[in-house]
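Novice: Sharing a structure here in structure tokens format.
Any read-out appearing in this document is the output of simple, stated calculations on the displayed coordinates, not a laboratory observation. A quick note: this is a predicted structure, and the numbers were derived from the prediction, not measured. Don't worry about glycine lacking a Cβ; one is built from the backbone with ideal geometry, like all the others, and counts go over all protein chains shown.
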């Protein structure tokens, strides 16, 4: 059995394609032993990918952009969260985005990820960082929800289905970022391109699993609901809501491809917000290599 270590962030819904593959024993069928490692800090996932402690990851796409600009070898080889599944959720007493003035907003990382979205979204309401509000690095979705409830932060992005859970509990949905950024690659399937070239046979096998898992996700609502309940701990009601949003909005890609337009939006937004005026790669295609996915799809068609 070929061994692959795979890193992802926390026990959130983003990881469903990997859980689907595990529950359907797709890795075993391809001769792969996959060890899934989950971490709370999003930066930890990328650091482990960069130094070779893991071989593949569902990581924040902006980390790939920043890594390539600094001379690194990370590359996007597939999609994950291809469109934004978030709502900016505020405390019950916060009724509109302008109420966030002088408040604390929780993000996954100050360097990448949700912080770029927060900054750009709030500009539309006359709020500019750092003069008008504070940003605090508190971790991914589950950590943000906990800290929102205990009052450590005043607002934070919550992804489906936690945004539904929060709204049902009386918290306020202040902004729906997907309305402003219909295409935005938030997380993706990332790899070190040197490892990928040297292990192409294993990677092709993994990508066949990757495609099949995404197809199964869209085809079998009942099984997906059960997997989500088991792996994330959410109730059936919210597992059904999440599946509906992720399929109807195609937040997960049906065939596994990254959203090129979404990567381009990420590049443009993060460059503006973080004042990175001269990027080494200005086109989304500079950061994406779909050849392994293309080969996997050809293999599956020929079977």
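Novice: Which percent, to the nearest 5, of DSSP beta bridges fully inside segment 86-180 are antiparallel?
Specialist: Counting DSSP beta bridges with both partners in segment 86-180, the antiparallel share is about 55 percent.
Novice: Based solely on its DSSP helices, what 222 nm [θ] is calculated for the chain when runs of n ≥ 4 H residues each add -39,500 (n - 2.57) and the sum is averaged over all residues, nearest 500 deg cm²/dmol?
Specialist: Result for the chain, helices only: -13000 deg cm²/dmol.
Novice: For the residues 4, 251, 42, what sequence is obtained by ranking on other C-beta atoms within 10 Å, fewest first?
Specialist: Taking fewest neighbouring Cβ atoms as first place, the list is 4, 251, 42.
Novice: Can you tell me what share of the DSSP beta bridges in the chain is antiparallel? A percent to the nearest 5 is fine.
Specialist: 55 percent
Novice: Separate question: What is the ratio of the Cα radius of gyration of segment 86-180 to 2.2 N^0.38 Å, where N is its residue count, to two decimals?
Specialist: Against the compact-globule rule of thumb, the ratio is 0.93.
Novice: Then there's this: Label-point separation (nm) for residue 25 and residue 285, each offset 7 Å from Cα along Cα-to-Cβ?
Specialist: Going from the residue 25 label point to the residue 285 one covers 4.3 nm.
Novice: For residue 168, project a label point 7 Å along Cα to C-beta. Then give me every residue of segment 234-251 with its amide nitrogen under 19 Å of that point.
Specialist: Inside the label zone: 234-248.
Novice: Same structure again: Quote the FRET efficiency, to the nearest 0.05, computed for residue 176 versus residue 37 with a Förster distance R0 of 25 Å and r equal to the Cβ-Cβ distance.
Specialist: Details: r = 32 Å, r/R0 = 1.27.
Computed FRET efficiency for residue 176 and residue 37 comes out at 0.20.
Novice: Suppose a student asked you for the relative contact order of the chain, using Cα pairs under 8 Å spaced at least 6 residues apart; what percent would you report?
Specialist: Details: 579 pairs, mean separation 83.2, N = 303.
Relative CO of the chain lands at 27 percent.
Novice: Normalised radius of gyration for the chain, please: alpha carbon Rg relative to 2.2 N^0.38 Å, two decimal places. Present the calculation step by step, with values, prior to reporting the outcome.
Specialist: Values: Rg = 18.7 Å, N = 303, 2.2 N^0.38 = 19.3 Å.
For the chain, the normalised Cα radius of gyration is 0.97.
Novice: Same structure, new question: Comparing 199, 190, 73, which has the greatest mean-square fluctuation in the GNM of the chain with Cα pairs linked when under 10 Å apart?
Specialist: Between 199, 190, 73, it is 199 that shows the largest mean-square fluctuation.
Novice: Moving to a separate point now. Relative contact order, percent, of segment 141-275 when contacts are C-alpha pairs under 8 Å separated by at least 6 residues?
Specialist: The normalised contact order for segment 141-275 reaches 30 percent.
Novice: I would also like to ask the following. By how many degrees, between 0 and 90 and to the nearest 10, does the Cα long axis of helix 291-302 differ from the longest principal axis of the chain?
Specialist: Computed tilt is about 50 degrees.
Novice: Using a 10 Å cut-off around each Cβ, can you sort 93, 137 from fewest to most neighbouring Cβ atoms? Kindly include the intermediate steps, with their values, before the conclusion.
Specialist: Details: 93 8, 137 17.
Exposure proxy ranking, most exposed first: 93, 137.
Novice: Under 10 Å, Cα contacts only: if you run a Gaussian network model on the chain, which one of 210, 125, 181 comes out with the highest mean-square fluctuation?
Specialist: Looking only at 210, 125, 181, the biggest GNM fluctuation is shown by 125.
Novice: Further, regarding this structure: Extension gain residue 149-residue 198, at 0.36 nm per residue separation less the Cα-Cα distance, in nm?
Specialist: Gain in length upon complete extension: 13.0 nm.
Novice: How much length, in nm to one decimal, is gained on full extension between residue 110 and residue 93, taken as 0.36 nm per residue of separation minus their Cα-Cα distance?
Specialist: 3.5 nm
Novice: Between 0 and 90 degrees, rounded to the nearest ten: what's the tilt of helix 200-219 against the longest Cα principal axis of the chain?
Specialist: It is inclined by approximately 60 degrees.
Novice: Shifting gears a bit: Could you work out the relative contact order of segment 86-180, using alpha carbon pairs under 8 angstrom and six or more residues apart, expressed as a whole percent?
Specialist: Across segment 86-180, relative contact order equals 49 percent.
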